[in-house]
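One structure coming up, written as structure tokens, with questions to follow.
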Amino acid sequence: METKKMVMIPGPTPVVKSIQNEMGREMQAFGDPRFVADYKKLIADLGTLLNCSGATFPLAGTGTLAMEMAIANTTRRGDRVLIVSHGFFGDRFIEICERKGLEVDVLRAEWGKIIPVREIEEKLKSGRYAALTVSHVDTATGVCAPIAEIGAMVQRVSPETVYIVDGVAATAGEFEDVDGMGIDILFTGSQKAFGVCPGMFVLWASRKALARREALGMIPEYYVDFAKWLPIMENPGKYFATPAVNLVWAMAEATRIILEEGYRARAARHLKNARAMQKALSACGFTVLADEAHRAVTLSNLVYPEGLDDVTFRNTLYDEGITVAGGLAAYAGRMFRLGHMGNIDINDEVATLGVIERALRRCGVAVEPGKAVGIYMAEMAN
Ligand SMILES: *Cc1c(COP(=O)(O)O)cnc(C)c1O
């Protein structure tokens, strides 16, 4: 019998049945009062969840479109931006900004490490920066940035700079608080720690970000213009561009699940589970790429032990029942990336570790049966 295939990549993540059911609902017109009420409630709930007193935009598109929306609404051609990059997704902002004709300064960390806040502070003090971008968790490296500390520093040394946080692999797994952390723009994608199908992003904008948008006057971008969407977010019965009806429902169910668990409790669960997973996997010979002090809780980037072949190992994992992601750039062929975020539970993780043990043995790495699972279970019992 063929094994079940679990999708343990850093997004899309497994989608629970109650969310799948929302995706499968009968269509409604976007002007149907029932849908308008659902959309309105989602916008309000997401604003509350992330403590954002500005505006919340849950729209059709992926995380990358949200990156473009963040830059489009806060900068004009010729402005200077500071990009703090902890990996591949941090780097993605470079091209987005360059295409818009912005002056780009980049602080790029060695993979697995962070740029110290002190260094960001010095750079910010050296010039006038319209915006600063940081990925909370960079999916390519599994590094988690100290976003609250950076936010406090920006407010202190460069309050005119708009602080943009990429939460695509973090929001709803790592704890975030837009107003409380001094974040001006935060965005995420439906397919990561919200545990919904791909296709929707949510962007939160602080009052300061909204004021910046107003100060810009007309901007060249159309679909992602805050000014086009603000009236719709106020009254979702109006039309600008068709909302992703079923994704609105799916995100509403995901948000209900998060609120029911409690965001703090959900982040604590991610932390506990991640550390247990990372301990178990380290005992099997893998090395977690990210420094221990800056390790994400939503995924692990695991460097192979000597002699383990990437393609053979990942194909064996697939055959045994899980899909994982490969390494990127310099780490292609040298590591795999394991997502453990969203609505997965202890049983999914035990199964995942069991698959990894079996695949290791099939690939000739001697691992006692139950070793990773045993360590994980012991950690979880604490
Ligand atoms: C996945 C991801 C993105 C890109 O999101 P898409 O939905 O694939 O466009 C951006 N940033 C981070 C940190 C991500 O993990």
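The values are calculated or read from the model by the stated rules, or taken from the named source; none is laboratory data. Computed from a predicted structure; not experimentally measured. All Cβ positions, even for glycine, are placed from backbone atoms using ideal geometry, and neighbour counts span all protein chains on display.
Out of curiosity, is residue 127 in contact with a Lys or Arg (Cβ under 9 Å, 6 or more places away or on another chain) and modelled with pLDDT under 95?
Against the criterion (in contact with a Lys or Arg (Cβ under 9 Å, 6 or more places away or on another chain) and modelled with pLDDT under 95), residue 127 qualifies.
Against the conditions (1) in a helix (DSSP H, G or I); (2) loosely packed, with under 15 Cβ neighbours inside 10 Å; (3) not hydrophobic (A, V, I, L, M, F, W, C), where does residue 305 fall short? Just the number, please.
With respect to (1) in a helix (DSSP H, G or I); (2) loosely packed, with under 15 Cβ neighbours inside 10 Å; (3) not hydrophobic (A, V, I, L, M, F, W, C), residue 305 is out only on (1).
What about residue 306, is it out of contact with any Lys or Arg (no Cβ under 7 Å at 6 or more places or on another chain) and modelled with pLDDT under 95?
yes
Going through the range 272-302 one residue at a time, which ones are surrounded by 17 or more Cβ atoms within 10 Å (Cβ to Cβ) and small (Gly, Ala, Ser)?
274, 276, 280, 285, 290, 296, 300
If you don't mind, another one. Tell me the residue from 250, 267 that is in contact with a Cys (Cβ under 7 Å, 6 or more places away or on another chain), surrounded by 15 or more Cβ atoms within 10 Å (Cβ to Cβ) and part of a helix (DSSP H, G or I), please.
After applying the criteria, what remains is 250.
How do the pairs read when you match residues in the range 63-85 that are without any contact (Cβ under 8 Å) to a residue 60 or more places away in the chain with residues anywhere that are within 12 Å of the ligand (Cβ to nearest atom) and aromatic (Phe, Trp, Tyr), using Cβ under 7 Å and keeping only pairs 6 or more apart or on different chains?
83/93
I've got another one for you. When you check residue 378 against the structure, is it within 28 Å of the chain's Cα centre (by Cα) and in a helix (DSSP H, G or I), yes or no?
Considered against the rule, which asks whether it is within 28 Å of the chain's Cα centre (by Cα) and in a helix (DSSP H, G or I), residue 378 comes out as no.
Given the residues 376, 318, which is the only one that is in contact (Cβ under 8 Å) with a residue 60 or more places away in the chain, surrounded by fewer than 18 Cβ atoms within 10 Å (Cβ to Cβ) and aromatic (Phe, Trp, Tyr)?
None of the others qualify; the one that does is 318.
Here's another thing I want to ask about it. Step by step: first the residues of the range 150-172, then only those that are buried (at least 24 other Cβ atoms within 10 Å of the Cβ) and in contact with a Leu (Cβ under 6 Å, 6 or more places away or on another chain), then the one that is farthest from residue 207 (Cα to Cα). Which residue is that?
The selected residue is 167.
On the given criteria, is residue 46 among the aliphatic types (A, V, I, L, M), in contact with a Leu (Cβ under 9 Å, 6 or more places away or on another chain), surrounded by 17 or more Cβ atoms within 10 Å (Cβ to Cβ) and in contact (Cβ under 8 Å) with a residue 12 or more places away in the chain?
No: the conditions fail for residue 46.
Considering only the range 124-190, give the strands (runs of 3 or more DSSP E) lying wholly within it that have at least 2 residues that are in contact with a Gly (Cβ under 6 Å, 6 or more places away or on another chain) and within 13 Å of the ligand (Cβ to nearest atom).
185-189
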